[in-house]
Amino acid sequence: MVGMAFGTDPAIHAYYEARAAEYDDWWTGGGRFVDRERPGWSQEVDRLVTLVATLPPARTLDVACGTAFLGRHLRGLIVGLDQSASSVAIAQSRLPNGVALVGDALSLPFAAGSFQRVFTGHFYGHLPPAERVRFLAEVRRVARELIVVDTARRPDVELERWETRVLDDGSEHRVFKRFLTGAQLLKELGPGTEVLFGGSWFVAAASGPSR
């Protein structure tokens, strides 16, 4: 993985920009996902939404916010950040009391201590080691708490792999992906980490000095 990039890879940026309009199909089971077998998926999505919606209100930065499918359920002042302008436009329409901005998740354009919490969904699990270190350093610079939501480890998949993603236009894109456990997040996020959700499809953990 030496030299591998996700957050700084122009090809990855282009992929997510192209995917913005169809991104929510992955969550809702629409589009290309209609016929995909995912037992219990919808129920876990509902549970995850409930978890996000019941987090204590906070001044929150949603990093790699995408379309704000989850972020719109956060309470408090919400700032969404994503490198995709098309995703940011969708996110902004879902954050009437917040703001969504185009920006770099690995070089956050905010002063130290600007937020109480950083929230990130399905971003951390794509990062290779060097970018994980960089991301966590940026998170700790701008906020005291971090909440990570990502894809759970399943028996039928390896811990990490390259995936070929196909968009509605037929284009193919290679994306690096890790599948995570609660124990893995406890280890990687460090002391003060608590597992909030552990399902067949999703895992979530919170890290911060108050935990």
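Among the strands (runs of 3 or more DSSP E) lying completely within the range 121-200, list those that include at least 1 residues that are at pLDDT below 95, of a type in the set (A, V, I, L, M, F, W, C) and over 22 Å from residue 62 (Cα atoms).
By residue number, 160-166.
Checking residue 92 against (1) of a type outside the set (Gly, Ala, Ser); (2) farther than 16 Å from residue 118 by Cβ; (3) surrounded by fewer than 16 Cβ atoms within 10 Å (Cβ to Cβ), which single condition isn't satisfied?
(3)
Could you tell me whether any residue of the range 137-147 is open to solvent by less than 40 Å² (accessible area, probe 1.4 Å) and without any contact (Cβ under 8 Å) to a residue 24 or more places away in the chain?
Checked against the condition, which is being open to solvent by less than 40 Å² (accessible area, probe 1.4 Å) and without any contact (Cβ under 8 Å) to a residue 24 or more places away in the chain, the range 137-147 yields no hits at all.
Quickly run through the range 27-77 and pick out the residues that are open to solvent by less than 20 Å² (accessible area, probe 1.4 Å), out of contact with any Leu (no Cβ under 9 Å at 6 or more places or on another chain) and either assigned to a loop (DSSP other than H, G, I, E, B) or at pLDDT below 95 (or both).
Within the range 27-77, 30, 66, 67 meet the criteria.
Name the pairs whose Cβ atoms lie under 6 Å apart, with the first residue in the range 85-97 and over 19 Å from residue 12 (Cβ atoms) and modelled with pLDDT of 95 or more, the second open to solvent by 60 Å² or more (accessible area, probe 1.4 Å) and part of a helix (DSSP H, G or I), and 6 or more positions between them or separate chains?
From the range 85-97, the pairs are 94/72.
Does the range 148-182 hold any residues that are in contact (Cβ under 8 Å) with a residue 60 or more places away in the chain, over 15 Å from the mean Cα position of the chain (by Cα) and under 23 Å from residue 45 (Cα atoms), and which are they?
165, 166, 167, 168
Being touching a Ser or Thr at 6+ places or on another chain (Cβ under 9 Å) and either within 29 Å of residue 156 (Cα to Cα) or of a type in the set (A, V, I, L, M, F, W, C) (or both) is the requirement here; does residue 20 meet it? Don't jump to the end; show me each part of the working.
Numbers: touching a Ser or Thr at 6+ places or on another chain (Cβ under 9 Å): yes; either within 29 Å of residue 156 (Cα to Cα) or of a type in the set (A, V, I, L, M, F, W, C) (or both): yes.
Criteria met by residue 20.
Can you say whether residue 196 is surrounded by 15 or more Cβ atoms within 10 Å (Cβ to Cβ), more than 22 Å from residue 53 (Cα to Cα) and not small (Gly, Ala, Ser), as far as the supplied structure shows?
No: the conditions fail for residue 196.
The values are calculated or read from the model by the stated rules, or taken from the named source; none is laboratory data. The shown structure was predicted, so the numbers you read here are calculated from the model rather than taken from an experiment. All Cβ positions, glycine included, derive from the backbone under ideal geometry; neighbour counts span all protein chains shown. Surface areas here come from the heavy atoms of the whole protein model, side chains and all, with no ligands, DNA or RNA. Shrake-Rupley method; radii C 1.70, N 1.55, O 1.52, S 1.80 Å.
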